[in-house]
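Participant: Below are the structure tokens for one structure; questions will follow.
The values are calculated or read from the model by the stated rules, or taken from the named source; none is laboratory data. Small disclaimer: the values here were computed from a predicted structure and weren't measured. When we count neighbours, we look across all protein chains shown, and the Cβ atoms used for this are built from the backbone with ideal geometry, even at glycine. Ligands, DNA and RNA are excluded from the accessible area calculation, which covers all protein heavy atoms including side chains. Shrake-Rupley method; radii C 1.70, N 1.55, O 1.52, S 1.80 Å.
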Amino acid sequence: MTENDFVPKGYTSQSERGKVTWKAPSNIALVKYWGKKENQIPANPSLSFTLDTCSTKTTLSYIKHKGIEEAGFSFELFFEGEPKDDFRPKIELFFKRTEYYLPFLKDYHFKIETSNSFPHSSGIASSASGMAALSLCLMDLEKQLAPEMDTNFMYQKASFLARLGSGSACRSIEGDLIQWGAHSEVQGSSDLYGIPYPFEVHEVFKNYHDTILLVDKGKKQVSSTVGHNLMQGHPYAVQRFEQAHQNISKLKPIFADGSLEEFINIVESEALTLHAMMMTSDPYFVLMKPNTLEIINKIWEFRKKSKSHLCFTLDAGANVHVLYPEFEKEIVHQFIKNELIVFCEKEQYICDRIGFGAKKLKTTNG
Ligand code: DP6
């Protein structure tokens, strides 16, 4: 598939007005996307678990303009029931980037109503789930204009569009393990969209848990766009991108065999490498907080003592994702409650687990 395969050849049907609702999940990267080229092309492939609880619900209402075409995009934006002008530039940019692939965008007035399952000020980025949900709503409208479109293509194009909104969003359409970015050993992998991981995955990874410890609920210190740009000319960029390819290769037998020790090694190393890249960029940043390190040390201590298989990963912030298999959930929950939540802001954390992708909630026509 190339970009041009996502340009529609014309529509066979019409829709004057209607309303669609989709819920899309967040995702947590095991192999991290950090660094990008022009047009949201990743500098290296990444791999993520799709989550279940953390999600964004978006309703897109649309009404076709009568008569002359509008010069710009026409839309209103509501976040959790309130008008939200702060999000306008991001949506405007998303529409600009996707207009070539969605030529109907200027034919309609849109009302976008969105809400998150997690608290707004949780430090959890909603761009992945938000862009995924909006892309699916737009693809739902496109499917009404082209009813012959097959479902696989619809999901693939939703991932392609979501990527143009926010890179990691392309991994939030389907589940439960998604790869984005071309890799020589992963057939079907592409820089343009995410694909369900095409190889064998051991049972132990099927019900994985992710408890998100909210260490710092504030706004991100470095936006991901700024962060990605810091990889340009970064002294370790070439080696880092190569390492991501190698880690994806190494994970193939690990996923097949269910080798948790080796899985832990790669996942934790990826998280620390992501932060190492930020600490060694120009300008440099430390995005962990003292409590992030307290938690990491506690996890290492507990793992040694209990011989359990929990591990951590990090986003570009201070919060910690604690990953563990279903069969250890009791002891890990107990450990989190007893020893980790004291390091969270207001003792807040979110219990999530692997999920199976976005869901359509409603359509109304006419
Ligand atoms: C650290 O997808 O938020 O979470 O493409 O600029 O929107 P943009 O970046 P974004 O970057 C996510 C970076 C990360 C790692 C990952 O999810 O792979």
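Participant: With no solvent and one equal point scatterer placed on each C-alpha of region 3-199, evaluate the Debye formula and give log10 I(q)/I(0) for q = 0.16 Å⁻¹, two decimals.
Facilitator: Each listed q maps to, in turn, -1.01.
Participant: Continuing with the same structure: If I model a spin label at Glu203 and His65 as a point 7 Å from the Cα along the Cα→Cβ vector, what separation in nanometres do I get?
Facilitator: Between Glu203 and His65, the label points sit 5.8 nm apart.
Participant: To continue, here is another question. Can you give the relative contact order of region 3-199 as a percent, counting alpha carbon pairs under 8 Å and 6+ residues apart?
Facilitator: Normalised by residue count, the contact order of region 3-199 is 28 percent.
Participant: Any idea how far apart Ser74 and His109 come out in nm if each label point goes 7 Å out from Cα toward Cβ?
Facilitator: In this crude spin-label approximation the distance works out to 0.6 nm.
Participant: Then there's this: Taking only the Cα atoms of region 188-289, how large is their convex hull per residue, in Å³? Each step should come with its number before you reach the end.
Facilitator: Numbers: hull volume 14.4 nm³, N = 102.
Each residue corresponds to 141 Å³ of Cα convex hull volume.
Participant: Nothing charged except the Cβ atoms of Lys and Arg (+1) and of Asp and Glu (-1): what's the magnitude of the dipole of the chain about its Cα centre? Round to the nearest 20 debye. Before the final figure, lay out each step's value.
Facilitator: On the way: 41 positive and 45 negative charges, 105 e Å.
Dipole of the chain, to the nearest 20 debye: 500 debye.
Participant: Taking the Cα atoms of region 1-95, what is the range of coordinates along each of the three principal axes, in descending order and whole Å?
Facilitator: Taking the Cα atoms of region 1-95, the three principal extents are 49, 36, 25 Å.
Participant: Set the Förster radius R0 to 22 Å, insert the Cβ-Cβ distance between Glu301 and Gln348 as r into 1/(1 + (r/R0)^6), and round the FRET efficiency to 0.05.
Facilitator: Numbers: r = 23 Å, r/R0 = 1.03.
According to the calculation, E is roughly 0.45.
Participant: Can you sort Asp282, Asp140, Asp5, Asp85 by solvent-accessible area, 1.4 Å probe, largest first?
Facilitator: From most accessible down to least: Asp282, Asp85, Asp5, Asp140.
Participant: Rounded to the nearest percent, how much of the accessible area of region 128-221 (1.4 Å probe, protein heavy atoms only) is carbon and sulfur?
Facilitator: Ligands and nucleic acids excluded, carbon and sulfur reach 47 percent.
Participant: If DNA, RNA and ligands are ignored and the probe is 1.4 Å, what is the ranking of Val320, Val238 by accessible area, most exposed first?
Facilitator: Working: Val320 0, Val238 115 Å².
The most accessible residue leads, giving Val238, Val320.
Participant: Quick check on my link table: of Lys106/Lys359; Lys36/Lys329; Lys37/Lys206; Lys84/Lys298, which ones sit more than 30 Å apart, alpha carbon to alpha carbon? Display every interim value, and only then the final one.
Facilitator: Working: Lys106/Lys359 26 Å; Lys36/Lys329 36 Å; Lys37/Lys206 33 Å; Lys84/Lys298 40 Å.
Violating the 30 Å limit, Cα to Cα: Lys36/Lys329; Lys37/Lys206; Lys84/Lys298.
Participant: Can you give the extra length, in nm with one decimal, that the chain gains between Asp257 and Glu242 once fully stretched, where that is 0.36 nm per residue apart less the Cα-Cα distance? Display every interim value, and only then the final one.
Facilitator: On the way: separation 15, 0.36 × 15 = 5.40 nm, distance 2.40 nm.
Full-extension gain reported as 3.0 nm.
Participant: Report the longest stretch of the chain that contains none of the trypsin sites (Lys or Arg not before Pro) sitting in a DSSP loop with at most 13 other Cβ atoms within 10 Å. Intermediate values should be presented prior to the final figure.
Facilitator: Values: sites that count: Lys9, Lys66, Lys206, Lys219, Lys307.
That would be 67-205.
Participant: Under the 0.36 nm per residue contour assumption, what length would be gained going from the current alpha-carbon distance of Tyr100 and Gln334 to full extension?
Facilitator: Numbers: separation 234, 0.36 × 234 = 84.24 nm, distance 5.13 nm.
Here the answer is 79.1 nm.
Participant: Separate question: Counting other Cβ atoms within 10 Å, keep those with at most 15, restrict to DSSP loop, and tell me which GluC sites (Glu not before Pro) in region 193-273 are left.
Facilitator: For GluC sites (Glu not before Pro) across region 193-273 that sit outside H, G, I, E and B with at most 15 neighbouring Cβ atoms in 10 Å, the list reads Glu200.
Participant: Grab the Cα-Cα distance for Ser184 and Ile41, subtract it from 0.36 nm times how many residues apart they are, and report the gain in nm with one decimal. Kindly include the intermediate steps, with their values, before the conclusion.
Facilitator: Details: separation 143, 0.36 × 143 = 51.48 nm, distance 1.62 nm.
Gain on stretching Ser184 to Ile41: 49.9 nm.
Participant: A further question follows. Quick one: angle between helix 237-257 and the longest Cα principal axis of the chain, in degrees between 0 and 90, rounded to 10, please.
Facilitator: 80 degrees
Participant: Then there's this: What accessible area per residue, rounded to a whole number of Å², is obtained for the chain using a probe radius of 1.4 Å?
Facilitator: Numbers: 16130 Å² over 366 residues.
Heavy-atom SASA per residue in the chain reads 44 Å².
Participant: For the residue pair Leu361 and Glu294, what label-to-label distance in nm results when each label sits 7 Å from Cα along the Cα-to-beta-carbon direction?
Facilitator: It works out to 3.6 nm between the two label points.
Participant: Ok, one more. At a Förster radius of 51 Å, what calculated FRET efficiency corresponds to the Cβ-Cβ distance of Asn265 and Glu148, to the nearest 0.05? Write out the running numbers ahead of the final one.
Facilitator: Numbers: r = 47 Å, r/R0 = 0.93.
Given R0 = 51 Å and the Cβ-Cβ separation, E is 0.60.
Participant: What is the spread of the Cα atoms of region 204-353 along each of their three principal axes, largest first, in whole Å?
Facilitator: 45, 40, 24
Participant: Considering only DSSP beta bridges with both partners in the chain, what is the antiparallel share in %, to the nearest 5? Display every interim value, and only then the final one.
Facilitator: Numbers: 55 of 61 bridges.
Rounded to the nearest five, the antiparallel share is 90 percent.
Participant: So, one more: Seen from all sides and averaged, what is the projected area of the convex hull of the Cα atoms in the chain, in nm²?
Facilitator: Numbers: hull surface 72.8 nm².
Averaged projected area of the chain's Cα convex hull equals 18.2 nm².
Participant: Here is a follow-up. Do any GluC sites (Glu not before Pro) in region 66-121 lie in a loop, going by DSSP, with at most 13 other beta-carbon atoms within 10 Å of their beta carbon, and if so which?
Facilitator: Counting only loop positions with at most 13 other Cβ atoms within 10 Å, the GluC sites (Glu not before Pro) in region 66-121 are Glu69, Glu70, Glu80, Glu99.
Participant: Counting only Cα atoms, I'd like the Rg/Rh figure for region 281-326, Kirkwood definition for Rh. Please list the in-between numbers first.
Facilitator: On the way: Rg = 12.6 Å, Rh = 11.7 Å.
Expressed as Rg/Rh, it is 1.07.
Participant: In percent, how large is the relative contact order of the chain, given Cα pairs closer than 8 Å and 6 or more residues apart?
Facilitator: Values: 750 pairs, mean separation 92.2, N = 366.
25 percent.
Participant: Another question about this same structure. If contacts are Cα pairs under 8 angstrom and at least 6 residues apart, what is the relative contact order of region 105-198 in percent?
Facilitator: Details: 113 pairs, mean separation 21.5, N = 94.
With pairs under 8 Å counted, the relative contact order is 23 percent.
Participant: Heavy-atom accessible area of Glu185 with all protein chains present, probe 1.4 Å, nearest 10 Å²?
Facilitator: So the heavy atoms of Glu185 present about 100 Å² to solvent.
Participant: Related question: Angle, helix 151-165 long axis vs. longest principal axis of the chain, Cα atoms, 0 to 90°, nearest 10?
Facilitator: Tilt relative to the chain: about 80 degrees.
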